[in-house]
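K.L.:
Please find one structure pasted underneath; my questions will follow.
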Amino acid sequence: MVFRGGRGKSGANDILADTGALAAGVSNVSVVVATSVAAIVSIEHRDAANTTTLHSQLVAVSGLGTLSCELPGVSLAANERIRLRNTTILVGSIQARLPSSLGFDRCRCCFPGSARLLRS
């Protein structure tokens, strides 16, 4: 795992995690999201300019729940990225992570001020 991050009172369209630009290749994408309230998160494959979502998958997480899923065989062109975006307004907390198996050495949590931000 590259990072874990937490955020309270997340707004709709907040970016929960972003890998930054990645090298070209085919990989499996694993995602873990945990929330204290029900939430819907969009797993997004973004273009190299980070202006367009090429593919996305919505995943629902129940209140006080954890969702773990894997999307196999994701093809990435040079400088494309994977990000996690909250689609709901939350009055609670949410944590999200992407694994290091994709070589996300530049992966970052999008709320660096969080007290729960850990790096392993």
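Just so it is clear, none of the values below were taken in a lab; they were calculated from the coordinates. Everything numeric here is computed off the predicted structure, so don't read it as measured data.
K.L.:
Just to check I understand the Karplus step: with θ = phi - 60° and J = 6.51 cos²θ - 1.76 cosθ + 1.60, what whole-Hz values come out for the range 30-46, glycine and proline as x?
P.N.:
Along the range 30-46, the couplings run 10, 9, 10, 10, 10, 9, 8, 9, 4, 8, 10, 10, 9, 8, 10, 9, 9 Hz.
K.L.:
Each residue of the range 82-95 in turn: what ³J(HN,Hα) in whole Hz from Karplus with 6.51, -1.76, 1.60 and θ = phi - 60°, glycine and Pro shown as x?
P.N.:
3J(HN,Hα) across the range 82-95, in whole Hz: 10, 9, 10, 10, 6, 10, 10, 7, 10, 10, x, 10, 9, 10.
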